[in-house]
Amino acid sequence: MIKKILATFYVLAISISSLLAQCATCKAAAETSLEDGNTTIASGINLGVIYMLSILFIIFGSFVFLVWKHRKADGSISK
């Protein structure tokens, strides 16, 4: 289990530079579209970011809820 977690962390650490490059690309595209007076690209990027964050919050919230429910069923949560 620890090896899987470390492998995942390693892959994410290596790919972070390409992820940051995509952020710079999106930022440049949004700035260029705003300078040209076109707000559709910038608003599309903003909606995309909101969509991706909402999915992450849903997944994380579901995980926390399931852990809480499992711990409550075991009686390991003190009152």
**Message:** Looking at the stretch 33-40, can you tell me whether even one residue there is among the acidic types (Asp, Glu), at pLDDT 80 or above and assigned to a helix (DSSP H, G or I)?
**Reply:** yes
**Message:** If I ask for residues that are of a type in the set (Val, Ile, Thr) and exposed (fewer than 12 other Cβ atoms within 10 Å of the Cβ), which ones from the stretch 24-38 would you list?
**Reply:** THR25
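Does ALA28 fit the bill of being among the small types (Gly, Ala, Ser) and either modelled with pLDDT of 75 or more or in contact with a Pro (Cβ under 9 Å, 6 or more places away or on another chain) (or both)?
Spelling it out, ALA28 is indeed among the small types (Gly, Ala, Ser) and either modelled with pLDDT of 75 or more or in contact with a Pro (Cβ under 9 Å, 6 or more places away or on another chain) (or both).
The values are calculated or read from the model by the stated rules, or taken from the named source; none is laboratory data. The model shown is predicted, which means the values in this text are computed figures rather than measured ones. When we count neighbours, we look across all protein chains shown, and the Cβ atoms used for this are built from the backbone with ideal geometry, even at glycine.
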